[in-house]
Amino acid sequence: ADADAPLTRQDLCGMSMNVYKSLTEQTDEDLAQPDVRFLDTDDADVLNACELELVTTGSNGIFDPEQPLTRQDFYTSAVQLLDTLGYSYIDDIFVDLSDYDDADELVAYAVQPAQVMLYTGAIDAEAALEPNRPITAEEAVMILDGIMRFYAEWELDPVEPNRYLGEEVAEFALNYVGCRYVRGGKGPS
C-alpha cells in the first residue's frame, strides 16, 4: 500500500493476519474456514480477522473494506490483536491521558486502547493522540511493529504490568488508617 495513504479496513485485516500468523506460527492452512460472510468482500484475511475477532465485523452483512480507519479505531484493533494473542493484562493498564489536549476526542471504546498503545510504547508518548485523523499505512506498520516487539518481550517474561502509581499510594496510605496524626510531626510516633 502507499505508505502515506489512509489505511483501509481491508488493509488492517491483511496486516493483522500477517502479525497473528507470524507470532502464532500458523499458516493459512492452519486456520479454520471462517463462518463470517459479507456481501461486499470475500477476502480471506478479512474473513479470518473477523472470525478471530481482530476487527469489528460491520453490520447487515456489510464490511466496508475500503473505509479508511481513524487512529482510535486502529488502536482498538491493535488491542484486540494483543488480546487474541493471549496478552491477558489489558484491563490492568492505566496511563494518564490528561497530558494530551486531544484526549477528550477519544470515543469511550478507544480510551483504554489508547492507554494500552502508550503503555506498550507502540505510539510515541510525546505525540498528540489525534484520534480522529485517518491512520496511514506507514503509521500502522510502525505501531504494529511496536506491538510485536512488546508482545515478544512479554512472552519471554509474562509479568503483570505495573499498577497505576495512584493505586499504590492509596494502598500505602490505607495501611495507616486509625493512626494518630500530629500536625508537623516528624517521627513514626
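The values are calculated or read from the model by the stated rules, or taken from the named source; none is laboratory data. Keep in mind that this is a model prediction, so the values were computed, not measured. Neighbour counts are summed over all protein chains in view; Cβ atoms, including those assigned to glycine, are modelled from backbone coordinates with ideal geometry. In case anyone asks, the SASA skips ligands and DNA or RNA and just uses the protein heavy atoms, side chains included. Shrake-Rupley method; radii C 1.70, N 1.55, O 1.52, S 1.80 Å.
Selection of segment 84-108 for residues being modelled with pLDDT of 90 or more, under 19 Å from GLU126 (Cβ atoms) and among the β-branched types (Val, Ile, Thr) yields an empty set.
Output the residues belonging to segment 115-133 that are open to solvent by less than 40 Å² (accessible area, probe 1.4 Å) and touching a residue at least 60 places away in the same chain (Cβ under 8 Å). Selection gives PRO131 alone. Just one of the numbered conditions (1) closer than 22 Å to ASP92 by Cα; (2) modelled with pLDDT under 90; (3) under 17 Å from the mean Cα position of the chain (by Cα) is not true of GLY121: (2). A count restricted to segment 56-81 and to residues that are open to solvent by less than 40 Å² (accessible area, probe 1.4 Å) and of a type outside the set (S, T, N, Q) stands at 10.
Scanning segment 50-67 for residues that are farther than 19 Å from TYR109 by Cβ, outside any strand (DSSP E or B) and in contact with an Asp or Glu (Cβ under 7 Å, 6 or more places away or on another chain) gives GLU51, PRO65. If you go through segment 104-114, how many residues are touching a helix residue (DSSP H, G or I) at 6+ places or on another chain (Cβ under 9 Å) and either part of a loop (DSSP other than H, G, I, E, B) or open to solvent by 20 Å² or more (accessible area, probe 1.4 Å) (or both)? Residues that pass the stated criteria total 6. If the condition is being aliphatic (A, V, I, L, M), part of a helix (DSSP H, G or I) and more than 17 Å from VAL79 (Cα to Cα), then segment 115-151 contributes only ALA137. Just give me the residues in segment 152-174 being modelled with pLDDT of 80 or more and either aromatic (Phe, Trp, Tyr) or not in a helix (DSSP H, G or I) (or both), in sequence order. Across segment 152-174, the qualifying residues are TRP154, ASP157, PRO158.
Residues in segment 87-99 that are in contact with a Pro (Cβ under 7 Å, 6 or more places away or on another chain) and open to solvent by 20 Å² or more (accessible area, probe 1.4 Å): TYR89, ASP92. For the residues THR84, THR136, the requirement of being among the β-branched types (Val, Ile, Thr), over 13 Å from the mean Cα position of the chain (by Cα) and open to solvent by less than 80 Å² (accessible area, probe 1.4 Å) singles out THR136.
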